[in-house]
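Working notes for the structure below.
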Amino acid sequence: MFPAFTEDQLAIRDAARDFAVNEIEPGAMARDHAAEFPSDIIRQLGEMGFMGMTVPEAYGGAGVDYLSYILALEEIAKVDASVAVTMSVNNSVACAPILVFGTEAQKQKYLKPLASGEVLGGFMLTEPDAGSDAAALKCRATKVEGGWQLNGAKAWITNGGVGRYFVTMAVTHPELGKKGISAFVLDAERPGVHMAKPEEKMGLRSSKTVMVTLEDAFVADDDLLGGPGDGLKVALHGLDGGRIGIAAQAVGIAQRALNESIAYARTRHSFGKPIGEHQAIQTYLAEMEARVQASRLLVYKAAIMRNEGQPCTLEAATAKLFATESAVWVCDRAVQIFGGYGYSREYVVERLYRDVRVTTIYEGTSEIQRIVVARSLLK
Amino acid sequence: MKILVALKQVPDTETKVKVAADGKSLDPADVKWITSTYDEYALEEALRLKESKGAEVTVVSLGGDSVKDVLRNALALGADAAVLLKSDASDPLAVATALAAYAKDKGFDLIFAGNKGMGGDNASVGPMLAELLGIAQANVVVKFEVTDAGFRAEREIEGGTEVVEGALPAVITAQKGLNEPRYASLKGIMAAKKKTIEEVEATAPAGATAVIALVLPAARPEGRKLDGDAAAQAAALLNALKDEAKVF
């Protein structure tokens, strides 16, 4: 069977499943309804090592491989996609770029607390008028004595308001275009960092996403991540991992929707028999299973390549495109199978349907993934 | 301080148990095995003492190779050493005797165990172990502390709480409420894989008791639908309550 998991990977997946089912699942619906951030759960996940999974133990992480991280993320997404995205952002786009591009001092100062779960982190690339079109970034870093001053707006910042350290892209050399973007580690507790009220979102309601205004926010010279002009490189590296993480989240959500649908098809009766005995429902279930299986293999393949340090931009984009589009479809069918109950907030598929929708949008829309894939094919 | 924690592997409470063909044991097929919940409280208390006062925690369990899962999990949670006493004994006195033979002369200051094994519910091994070792015991404990003189424990008793003090060494059996057991960290899980589980042939005597039959509760009879109009149904219900259920 592909892939053959190691004993360690299975043990980590089981540990994640155990915690997810016993501790995360019970309050998931209530947190969604109240848009309540799961601080306690995130703290416990941090203590257990889930917030910096692939970061070496020396820097506060759990030191496990990338596929283990993906397996854990999938298990957590099955019970609460809001917890999964909070975890994914901290692992994939806060810890990972600092681990890869950070200096020893940056790793001690920022990575250790992020990976051990002491503080949360995030990633500030997107702006009101620029996302995947990174060359259109407007956020400006101006050189001052001892560091840089950041001015501009950042949008859709996950973990904003609840996180502290953010990998932040800003234009240091406007005349150089894309090569004039640099990456910094920004401490959100600094003066001039204004986090707006959390967005009122359709789904992932218990995770926090905010608009950020930077007004002469200071970052020291030592907070520059990589060299000047490396911003796009840092961002794109983070995005590959981020995309695999979101694809894994989508697989988890879709698998849950499928599991719920199977259970419902067995117990709900119409025309004198369980609806699972009607061919229309069977074809839905079969198609859902096929898409979930295929998605999972794409995600694991990308994860294994990233784990081995191979370039995986094409594979990450393919996995994200297929897994998220499939997951949206699978959740739509789950609601259809549940009928009126699927439209009720008392049933989990209603939440899955809302939660899954953003997966084809964030960390690069499906349209962007298609561009990435096509560029790789035609280059 | 040296602490021993006795663990028992039991079927998950969510397992649908089936009686084996011999009519006196569980059919092991499809059974998911877990650490008895009361033993989890026992282990957690030992780990908290290790963190607050410093202690070396050894976990021990009787059984075959499958019991290694329970021991491995305890190592992942933070136990320092694990011992498998190889034996197929299940009678409480035989188990207590084997544990006593292992624990004797090893200098344990405290021995923790669950107040009973989930499922078997004998509540015997802990007290027997203390008697066989000739040391103090406190059972069904919901609060525990080590004091200068020994220990202080709060026990759950009918309608109240009993506070007992005693000298170490002692056997303490844990009750729900003693603490909230932790989850293993990923670091712990990885580290546990590298630790070895010591295997010892247990010296267990023949059991003092033997299970002669294991019977599942009788299946609930199917419900009965009463026919007719409301008056006829009421009359039928009245008869059934009076003549069959003999409610009055």
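Structure summary
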read-out: Contour minus Cα-Cα distance for residue A:22 and residue A:220 (0.36 nm per residue); value: 67.0 nm
read-out: Local electrostatic count, residue A:191, Cβ distance below 12 Å [Lys/Arg +1, Asp/Glu -1]; value: -3
read-out: Whole-Å distance, taken between Cα centres, linking the range A:185-264 and the range B:27-102; value: 43
read-out: Pair residue B:216, residue B:229: separation of 7 Å Cα→Cβ label points (nm); value: 4.4
read-out: Trypsin sites (Lys or Arg not before Pro) lying in DSSP loop within the range B:19-69, provided at most 11 other Cβ fall within 10 Å; value: B:32
read-out: The protein assembly as shown - percent of accessible surface contributed by carbon and sulfur, probe 1.4 Å; value: 53
read-out: For the range B:167-189, residues shielded by at least 50 square angstrom of accessible area compared with the chain on its own, probe 1.4 Å; value: B:183, B:186, B:187
read-out: Linear extension gain, residue A:40 paired with residue A:370, 0.36 nm per residue minus alpha-carbon span; value: 115.0 nm
read-out: Spacing of the two label points (7 Å from each Cα toward its C-beta) at residue A:361 and residue A:47, in nm; value: 3.5
read-out: Fully extended contour minus Cα-Cα distance, from residue B:239 to residue B:37, at 0.36 nm per residue; value: 68.1 nm
read-out: Cα convex hull volume per residue for the range A:239-378 (Å³); value: 97
read-out: Integer Hz, Karplus 6.51/-1.76/1.60 couplings in order for the range A:71-78, x for Gly and Pro; value: 5, 5, 4, 4, 5, 6, 5, 4
read-out: Two-site FRET efficiency, residue B:165 against residue B:194, from Cβ-Cβ distance with R₀ of 51 Å, rounded to 0.05; value: 0.80
read-out: Under Karplus coefficients 6.51, -1.76 and 1.60, residue-wise ³J(HN,Hα) of the range A:128-141 in Hz, glycine/proline x; value: x, 10, 8, x, 5, 7, 4, 5, 8, 4, 10, 4, 10, 10
read-out: Per residue accessible area in Å² of the range B:2-201, where ligands, DNA and RNA are left out and the probe is 1.4 Å; value: 47
read-out: Buried accessible area, chains B and A (both chains, 1.4 Å probe, Å² to nearest 100); value: 1100
read-out: Accessible area in square angstrom per residue, the range A:251-311, 1.4 angstrom probe; value: 53
read-out: Options B:46, B:239, A:188, ranked by Cα towards positive dipole end of the protein assembly as shown, top entry (Cβ charges); value: A:188
read-out: Cα-Cα over 28 Å, subset of A:208/A:379; B:16/B:193; A:143/A:178; B:16/B:106; A:154/A:379; value: A:208/A:379; B:16/B:193; B:16/B:106; A:154/A:379
read-out: Selection from A:99, A:302, B:99, by position along the positive dipole direction of the protein assembly as shown (Cβ); value: A:302
read-out: Under 5 Å, built H, 5+ apart or other chain: amide partners of residue A:217; value: A:150
read-out: Two-site FRET efficiency, residue A:179 against residue A:280, from Cβ-Cβ distance with R₀ of 60 Å, rounded to 0.05; value: 0.60
read-out: For residue B:155, residues with placed amide H under 5 Å, excluding near neighbours; value: B:142, B:162, B:163, B:164
read-out: Overall dimensions of the range B:122-190 by Cα: Rg and Dmax, Å; value: 14.2, 44
read-out: Pair-distance profile P(r), taking every C-alpha pair of the range A:122-232, with 10 angstrom steps and integer %; value: 16, 50, 28, 6, 0
read-out: Point-charge dipole on Cβ atoms (K/R +1, D/E -1) for the range B:157-214, about Cα centre, debye to 20; value: 540
read-out: Pairwise FRET efficiency - residue B:27 versus residue B:203, Cβ, R0 = 35 Å, nearest 0.05; value: 0.75
read-out: Long-range Cα-Cα pairs in the protein assembly as shown (distance over 42 Å), rounded percent; value: 39
read-out: Where Rh is the Kirkwood radius over Cα pairs, Rg/Rh for the range A:1-154; value: 1.03
read-out: Karplus (6.51, -1.76, 1.60) ³J(HN,Hα), θ = phi - 60°, over the range A:22-39, in Hz, Gly and Pro reported as x; value: 7, 10, 8, 4, x, x, 4, 5, 5, 5, 4, 5, 8, 6, 9, 5, x, 3
read-out: D_trans [Stokes-Einstein, Kirkwood Rh over alpha-carbon pairs] for the range B:2-201, 20 °C, 1.002 mPa s, µm² s⁻¹; value: 126
read-out: Spin-label model distance (nm) - residue B:53 vs residue A:105, 7 Å beyond Cα toward Cβ; value: 4.6
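The values are calculated or read from the model by the stated rules, or taken from the named source; none is laboratory data. Small disclaimer: the values here were computed from a predicted structure and weren't measured. Heads up, the Cβs are rebuilt from the backbone with ideal geometry, glycines too, and the neighbour counts pull from every protein chain shown. Surface accessibility is based on the protein's heavy atoms, side chains included, excluding ligands, DNA and RNA. Shrake-Rupley method; radii C 1.70, N 1.55, O 1.52, S 1.80 Å.
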